[in-house]
Structure formats: C-alpha cells, structure tokens
Amino acid sequence: MLMAVALGGLTGTIARYALTGWLQPAASAFPRGTIVVNVLGAILLGFLMRYTTGAAVVSPEIRAGLTIGFCGAFTTMSTFGYESVRLVGDGEYGAAALYMGITLVGSLAGILAGAAFADRLL
C-alpha cells in the first residue's frame, strides 16, 4: 500500500508542477494554475472515490495510490492558503476573494461532478 501511495504521490507532484507551470504565466500574480489544479483534482477525486468504491475495478492499494497519493500530491491546499494570504497582504482584496471563491466553489462542484460522472458509468 505504501509503495502505491508513494508512486501516486510522485506522479501527482510531477503532474501538478507541469500543469501549473504551463498554465501560470510568470508575469501574472493571479494564481490561475493553482485554481485549475485544485478544481481538476477535486473532479478526479470525486470520480475516483465514487467509481472505485462503487465497482470492484481496482484494488484498495491502487485506489489509495490514486486518491491519497496522486490526488493528495496533485491538489494544493497549502499553496492555496499561502496565495490567498499573499493576495490579501498585497491589498488585492478583489483578486483574493475571486481566487478563494472560485477555488472553494469549483472544488466542491468538482467533487459532485466527478461523483456524478462515476454514477453514470456504474
């Protein structure tokens, strides 16, 4: 189980780094890369939790590797917290509110969307 989580974590970290770097222009202070990663991670986690517990398609080890490992490393709540505080500290109150709102609503909606998609497949 530990190896599956570790491998998932390694893969999730690399995917997060690559996707965030691709989506986040160096000149932009608004953390759009983090938003996309968090919302996509929520969709994926919602799907995986519903699909892998609703059908005997993967082992518990693989499920842990995908959910705890990959999704845990791919999503970025610590980065979200830091970037929120940084935006507020820089006086970017509107951008901070937008960032926090999109991340929160998008992540919750992502969980629901992922689970609903899994329901359609089951």
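No lab work stands behind these numbers, since they all come straight from the coordinates. Keep in mind it's a predicted model, so treat the numbers as computed, not measured. In this analysis, Cβ positions are derived from the backbone assuming ideal geometry, glycine residues included, and neighbour counts consider all displayed protein chains.
Would you be so kind as to identify which of Gly41, Tyr82, Phe30 lies farthest towards the positive end of the dipole of the chain, taking Lys and Arg as +1 and Asp and Glu as -1 on Cβ and the Cα centre as origin?
Of the candidates, Gly41 comes out farthest on the positive side.
So which GluC sites (Glu not before Pro) in the stretch 20-122 end up in coil per DSSP with only 16 or fewer other C-beta atoms within 10 Å? Mind showing how you got there, number by number?
On the way: sites: Glu61, Glu83, Glu92; in loops: Glu92.
Listed in order of number, the matching sites are Glu92.
If you rank Ser107, Ser28 by fewest surrounding Cβ atoms within 10 Å, what's the result?
Taking fewest neighbouring Cβ atoms as first place, the list is Ser28, Ser107.
So how far apart, in nm, are the two label points at Ala116 and Leu23 if each is 7 Å from Cα heading toward Cβ?
According to this spin-label approximation, the distance is 2.0 nm.
For the chain, how big is the tail of P(r) above 17 Å, as a whole percent of Cα pairs? Don't skip to the end; give the middle numbers.
Details: 4379 of 7381 pairs.
Summing the P(r) tail past 17 Å for the chain gives 59 percent.
Report the FRET efficiency, 1/(1 + (r/R0)^6), for Val57 and Ile14, where r is their Cβ-Cβ distance and R0 is 22 Å, rounded to 0.05. List each step's numbers first, then the result.
Working: r = 25 Å, r/R0 = 1.12.
So, using R0 = 22 Å, E works out to roughly 0.35.
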